[in-house]
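First up is the structure itself, then whatever we jot down about it.
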Amino acid sequence: MTVEARLHGAELHEDATVRLRLRGSDTVRDLRPRIDDDGRGFSFTAGPDDLTGGAAAPGRIWDAFVRPTADAPPIRIGRLLDDVADRKHVFVYPALTAGGSSSRPYYTVDNDLAIEVTPAESPICPK
């Protein structure tokens, strides 16, 4: 799954990272983003290996953050969707199935990017 984004109010440096944090645990995955020439646009790819781990559960949710430099605090990746009614039903992205799991990006009610991972045979994600 590849995510493309832009950072407003700061620039990304060579040591920038994207952090995926498994909700409800201390499990994190740090990924290296590809940074655009302007230092504001970036993208990252999270594969099945990046989205597994932590406590076994029927579904896992990973919250996404970016750190513009190694010593900067993490910034939640999100978008402004306050003017869209029923945004969780309007912005529906397809699930990707690989390695026995299905991954689906979505925006939380607070407009933050999250990735939901469920077993591929789950009733939530039928084959």
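The values are calculated or read from the model by the stated rules, or taken from the named source; none is laboratory data. This is a predicted model, so every value here is computed, not measured. Note that we place each Cβ from the backbone using ideal geometry, even for glycine, and neighbour counts take in every protein chain shown. All accessible areas refer to the heavy atoms of the entire protein, side chains included, with ligands and DNA or RNA removed. Shrake-Rupley method; radii C 1.70, N 1.55, O 1.52, S 1.80 Å.
Got at least one residue in region 56-70 being among the small types (Gly, Ala, Ser), over 18 Å from the mean Cα position of the chain (by Cα) and closer than 30 Å to residue 100 by Cα? Looking for residues that are among the small types (Gly, Ala, Ser), over 18 Å from the mean Cα position of the chain (by Cα) and closer than 30 Å to residue 100 by Cα, one finds at least one in region 56-70, hence yes.
Name the residues in region 14-53 that are assigned to a strand (DSSP E or B) and over 14 Å from residue 65 (Cβ atoms), would you? Give the steps one after another, and end with the answer.
Taking region 14-53 as the starting set, the residues that turn out to be assigned to a strand (DSSP E or B) are 17-22, 28-31, 34-35, 41-45.
Scanning region 14-53 gives 34, 35, 41, 43, 45.
Scan 103, 25, 122, 43 and give me the residue that is at pLDDT 95 or above and of a type in the set (S, T, N, Q). On inspection, the qualifying residue turns out to be 43.
Restricting the search to region 4-41, which residues are over 25 Å from residue 99 (Cβ atoms) and in contact with a strand residue (DSSP E or B) (Cβ under 7 Å, 6 or more places away or on another chain)? Once the filter is applied, which keeps residues that are over 25 Å from residue 99 (Cβ atoms) and in contact with a strand residue (DSSP E or B) (Cβ under 7 Å, 6 or more places away or on another chain), region 4-41 yields 6, 7, 12, 16, 35, 36, 40, 41. If the condition is being open to solvent by 50 Å² or more (accessible area, probe 1.4 Å) and of a type outside the set (D, E, K, R), then region 60-94 contributes 70, 73, 74, 75, 80, 85, 89, 90, 91, 92, 93, 94.
Evaluating residue 89 against the criteria (1) in a loop (DSSP other than H, G, I, E, B); (2) at pLDDT below 75; (3) out of contact with any strand residue (DSSP E or B) (no Cβ under 8 Å at 6 or more places or on another chain) leaves one unmet condition, (1). Considering only residues in region 4-13 that are among the aliphatic types (A, V, I, L, M) and part of a loop (DSSP other than H, G, I, E, B), the one that is nearest to residue 115 (Cα to Cα) turns out to be 7. Within region 46-59, the set of residues being at pLDDT below 80 and open to solvent by less than 70 Å² (accessible area, probe 1.4 Å) comprises 52, 53, 54, 57, 59.
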